[in-house]
Amino acid sequence: MPQEIYSHDTIYIPPREEHGAPLEVALGCSWAECTFCDFARDDFCIHSDERIARNIEGLARLFPEADRVFLLGGNAFALSCDRLAHILRQVRAKMPGVRTFATYARADDVLSKSAEELDVLVSLGLQALHIGVESGSDSILAERKKGLTAQQMLEAFRMLDIAGIEYHITVILGLGGREYSRLHAIETARLLNRIRPASIWCLKLVLFEGTPLWRDWKAGQFEAMTPAEVLGELRLLLSNLTVRDCWFEDTTVLDQYTLQGRLPEQKNTLLEAIDRLLAGCADS
Ligand code: SF4
């Protein structure tokens, strides 16, 4: 990626957004407290108007055919509505083919905006947010310092439903450790069943060296799960899901497979595939 418009050689964009043009508007995460996260290596900063204008110029040259732009930053939706609206207008002026926008958000970035502000952003093309739910269990969320409760997330998703903004959810399997695996799966399914996610992307917990959770694990205060145990947790989560019109995937199954399908239509097929993999784990 050209240095002049991206701060790092590697950029993180959800797989479903890879067709979009990535526009860096911020760095780092405004929260940066989650004990498992190494996504927030950069201190949070919102780029200056001049830098964003330069990035848009560069983006227009790099992606002349783009019809969608993904705003980069750990949670670029932390920007104020006015700032976001200004950016969306600037992009549309320089890149007339762009029709829709998506970005990463925390649920409290949604809660900090009014219904009217969300409507303004929708009118400018905001179409989707990618939000890390991680867990539906309040105790796990608190323990991992997510800074949000399941109820707060529920309220944010209701606002998005009303505004007509699609949301894509990530869940971190194994986040409760071995001790709270069952609670994590059941409570997460309970939360997801009360919202209308366009997709659910499950990822196995990675213990990144230097993070607080990695230190807990090193100190014997966190019991990490084996890949097979995480697969069992995935099965429990999926078997409890009743979501509709939802794409479901796990790209980290046993560290080597991807499972994906539509819910509820392919739920049984997915469960059967998990059972075959679990049987293989038991045999080996
Ligand atoms: S909100 Fe997301 S990006 Fe920010 S610290 Fe937590 S997991 Fe990391």
ask   = Failed condition for VAL98, given (1) touching a residue at least 40 places away in the same chain (Cβ under 8 Å); (2) over 20 Å from HIS8 (Cβ atoms); (3) in a helix (DSSP H, G or I); (4) more than 22 Å from the chain's Cα centre (by Cα), with all others met?
value = (3)
task = Test each condition in (1) in contact with a Cys (Cβ under 9 Å, 6 or more places away or on another chain); (2) without any contact (Cβ under 8 Å) to a residue 40 or more places away in the chain; (3) within 17 Å of GLY176 (Cβ to Cβ) for GLY220 and report the one that comes out false.
result = (1)
query = Can you tell which of ALA32, ALA21 is within 16 Å of TYR104 (Cα to Cα), under 17 Å from the mean Cα position of the chain (by Cα) and either within 10 Å of the ligand (Cβ to nearest atom) or touching a residue at least 24 places away in the same chain (Cβ under 8 Å) (or both)?
reply = ALA32
Residues that are surrounded by 17 or more Cβ atoms within 10 Å (Cβ to Cβ) and more than 16 Å from the ligand (Cβ to nearest atom), drawn from region 59-80 = LEU59, ALA60, PHE63, ALA66, ARG68, VAL69
inquiry  = Against the condition in contact with a helix residue (DSSP H, G or I) (Cβ under 9 Å, 6 or more places away or on another chain), among the β-branched types (Val, Ile, Thr) and either assigned to a helix (DSSP H, G or I) or within 16 Å of the ligand (Cβ to nearest atom) (or both), how does ILE5 come out, does it pass?
reply    = no
remark   = Among ARG194, ARG215, the single one that is out of contact with any helix residue (DSSP H, G or I) (no Cβ under 7 Å at 6 or more places or on another chain) and modelled with pLDDT of 95 or more is ARG215
task = Output the residues belonging to region 178-201 that are of a type outside the set (A, V, I, L, M), surrounded by 21 or more Cβ atoms within 10 Å (Cβ to Cβ) and either in contact (Cβ under 8 Å) with a residue 60 or more places away in the chain or touching a Phe, Trp or Tyr at 6+ places or on another chain (Cβ under 8 Å) (or both).
result = PRO197, SER199, TRP201
inquiry  = For the condition buried (at least 24 other Cβ atoms within 10 Å of the Cβ) and away from the ligand (no atom under 13 Å from the Cβ), what is the one hit in ALA102, ALA115, ALA107?
reply    = ALA102
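The values are calculated or read from the model by the stated rules, or taken from the named source; none is laboratory data. Nothing here was measured: the structure is a model prediction, and the numbers come from that model. With ideal geometry, Cβ positions are generated from the backbone for all residues, glycine too; neighbour counts draw on all protein chains shown.
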